[in-house]
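Colleague: Right, I'll just put the structure down here and ask away after.
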Amino acid sequence: MSGGAPVAGPDGLLRCPWALATEDYVAYHDGEWGRPVHGDDALYERLCLEAFQSGLSWLTILRRREGFRTAFAGFEIAAVAEFGPSDTERLLADPGIIRNRLKIEATLANARELATWAPGDLDTLIWSHAPEPGPAPRTIADVPAITPESTALSKALKKSGIRFVGPTTAYALMQACGLVDDHLSKCTSRGAGSDPAPHSSPAGV
């Protein structure tokens, strides 16, 4: 194809090559991926979706996103924390999501844990692991799957009681939520989601 370099779409704009696989990806790439995400509920949603994506393609999750939101009460932490055994069975029978018991149970357990945190704690924990900006990747081969920061974030989340978030999932979260900008150097979306807030205080493929 392009050796992993940016590719021009039908509109002539250069994009990361994965973005041109489907129209769903184009919209996600242009409007969400790499743009800063803040807020505990919003980050909880991304954390959950990245966990469900493990072992699957992101497109599978993207096309079920509204189904996930309906099934999990819009990913409002307080609401999901109240889910009980009957909700688990309901979710296991819901064709609008990925019906994986371990992932569903982790999603509910994580909500119960996060419901005990002070407002803003999840946002602060995740964003405290945002690295200093580095050189822009030129090709897909320059984009890592795991970094020291994602490993540290994974460990911090697990230590805090959050399940199903390994270093690879943590890095996908960092990419999706704008902690890192992995749009390729000549991609039209490179830098479009620059976060004006200090990193000390966020969506993956």
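Colleague: Would you mind finding the one in ARG15, ARG64 that is closer than 24 Å to PHE83 by Cβ, at pLDDT 95 or above and among the basic types (Lys, Arg)?
Modeller: Going through ARG15, ARG64 in turn, just one is closer than 24 Å to PHE83 by Cβ, at pLDDT 95 or above and among the basic types (Lys, Arg): ARG64.
Colleague: Among the numbered criteria (1) in a helix (DSSP H, G or I); (2) crowded, with 16+ Cβ neighbours inside 10 Å; (3) out of contact with any His (no Cβ under 7 Å at 6 or more places or on another chain); (4) of a type in the set (D, E, K, R), which one does ASP94 miss?
Modeller: The failed condition is (1).
Colleague: Right, something else. Can you go through LEU56, LEU49 and tell me which one is more than 14 Å from ALA115 (Cβ to Cβ) and part of a helix (DSSP H, G or I)?
Modeller: LEU49
Colleague: Considering only residues of the stretch 143-174 that are out of contact with any Ser or Thr (no Cβ under 9 Å at 6 or more places or on another chain) and in a helix (DSSP H, G or I), which is farthest from GLU113 (Cα to Cα)?
Modeller: The residue in question is PRO148.
Colleague: I need a count of the residues in the stretch 62-91 that are assigned to a loop (DSSP other than H, G, I, E, B), more than 17 Å from ASN110 (Cβ to Cβ) and in contact with a helix residue (DSSP H, G or I) (Cβ under 7 Å, 6 or more places away or on another chain).
Modeller: Total satisfying the criteria: 1.
Colleague: Starting from residues that are aliphatic (A, V, I, L, M) and touching a helix residue (DSSP H, G or I) at 6+ places or on another chain (Cβ under 6 Å), keep the ones in the stretch 93-115 and report whichever is nearest to ARG69 (Cα to Cα).
Modeller: Filtering first and then ranking leaves ILE97.
The values are calculated or read from the model by the stated rules, or taken from the named source; none is laboratory data. Keep in mind the model is a prediction, meaning the values are calculated, not measured. Cβ sites come from the backbone with ideal geometry, for glycine too, and all protein chains shown count toward neighbours.
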